[in-house]
Amino acid sequence: MSLADKISFKMMSFYHETLYSLFRDPYEVLRAAGVTEGQRVLEIGCGPGFFTVPAGEIVGTKGSVNAIDINSIAIQHVREKVSKGPVRNIEVSRVDAADTEFSDEKFDLVFVFGLARSKGSTLGEIWREAFRVLKADGILSVEGGINPPEDLFERTDRRGRIDKFVKA
């Protein structure tokens, strides 16, 4: 991992785990996104894991969360965070969001909070992968005004900064 990647993660971690937590309740955001008990959820770009453990708590023992990121420091950080808590339904993986290798239509809900970019991958490739792994009746939830392509997803709801989409 390069020095730039380490610095980038430290800045992101400070922002999310210190500043962001002063103003945002992760449980409130996740509920607005449509996360509910029993779902299989994919978190694209988990970063320092601000939403990861709360998502695992919301989906409960009958659900699961797959949190992915391409930053190995982020993955190590989130794995440590998950290992210290009581939630055991979370899998954290260093995976390119444009090529997750998950099975087709595996997830009830996919969420992208922040701009998801992968080294060597385009945002369009990431949206196509989200479409592929999302169940036919699943929900894509996005925060931050990022809009997936209209040929793949149709907006169904907006709650604050969270936009919810279904497959087009």
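Structure notes:
- Note on the chain: Kirkwood radius taken over Cα pairs, Stokes-Einstein applied at 10 °C and 1.306 mPa s, translational D equal to 100 µm² s⁻¹.
- Mean separation of Cα contacts under 8 Å (6+ apart) over length of segment 36-115, as relative contact order %: 39 percent
- In this rough spin-label picture, where each label sits 7 Å from Cα along the Cβ direction, the ASP137-ARG94 distance is 3.9 nm.
- Extension gain, LYS167 back to GLU80 (0.36 nm per residue minus Cα-Cα distance, nm): 27.9 nm
- Debye, to nearest 20: dipole size of segment 34-168, +1 on Lys, Arg Cβ, -1 on Asp, Glu Cβ: 380 debye
- Theoretical gain in end-to-end length, LEU3 to THR36 [0.36 nm per residue, Cα-Cα removed]: 8.1 nm
- Taking a point 7 Å from the Cα of GLU28 along the Cα-to-Cβ direction, the residues of segment 44-66 with backbone N closer than 18 Å to it are 50-52, 54-55, 58.
- Cβ-based exposure ranking for ARG40, ARG24, in which fewest neighbours within 10 Å come first: ARG24, ARG40
- Note on ASP96, ASP108, ASP69: ascending count of other Cβ atoms within 10 Å places them as ASP96, ASP108, ASP69, the fewest first.
- Listed pairs LYS84/LYS135; LYS106/LYS164; LYS62/LYS164 exceeding 20 Å between Cα atoms: LYS84/LYS135; LYS62/LYS164
- Rounded to 5, percent antiparallel among DSSP beta bridges of segment 53-147: 10 percent
- Sorted ascending by nearby beta carbons within 10 Å, beginning with the fewest, THR61, THR36 become THR61, THR36.
- DSSP bridge orientation in the chain - percent antiparallel, rounded to nearest 5: 35 percent
Values in this text are rule-based calculations from the coordinates and carry no lab data. All of these numbers come straight from a predicted model, not from anything done at the bench. Counting neighbours? That spans all protein chains shown, and the Cβs are built from the backbone with ideal geometry, glycine included.
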